[in-house]
Amino acid sequence: MIASAAFDAMSMGALAVEAAVRTLRGEKVPARIELPVKLVDQTNLSDWDCDYSFRKTVPWETAISQHPQARSNMESLA
């Protein structure tokens with residue numbers, strides 16, 4: 001295999017918790033949040049082939065800012 005797409009369950013969970021906390025605080029949260037697709041190959045395999053405690057998650061701002069659908073959802077909630 002030359003490459004694969006990452007299934008970033010850790011970031012999914014972190015963003016779900018972030019959305020829940022923001023909702024409980026009364027903040028506006030988009031109905032849909034999408035993670036950016038990451039291609040995993042030999043150049044970045046070490047980012048994924050490590051203990052979960054060393055993995056980075058996608059920050060909330062990145063998840064929202066990279067997807068027009070989430071941004072437009074936030075704007076319509078304002």
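Derivation of every value follows stated rules applied to the coordinates shown; laboratory data play no part. Keep in mind that this is a model prediction, so the values were computed, not measured. So basically every Cβ, Gly included, is an ideal-geometry build from the backbone, and we count neighbours across all protein chains shown.
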> In sequence order, what are the phi-derived ³J(HN,Hα) couplings for the range 52-61 according to the Karplus relation 6.51 cos²θ - 1.76 cosθ + 1.60 with θ = phi - 60°, rounded to whole Hz, with x for glycine and proline?
Replying inline: 4, 5, 9, 6, 9, 9, 6, x, 3, 4
>> Check which residues have an amide H placed less than 5 Å from Val40's amide H, if you skip close sequence neighbours.
In response: Ser4, Ala5, Ala6
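Which chymotrypsin sites (Phe, Trp or Tyr not before Pro) does the range 1-67 hold that lie in a coil by DSSP with at most 14 other beta carbons within 10 Å?
When the chymotrypsin sites (Phe, Trp or Tyr not before Pro) of the range 1-67 are filtered for loop state and at most 14 Cβ neighbours within 10 Å, Phe7 remain.
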> For the range 4-77, what is the convex hull volume of its Cα atoms per residue in Å³?
Replying inline: 90
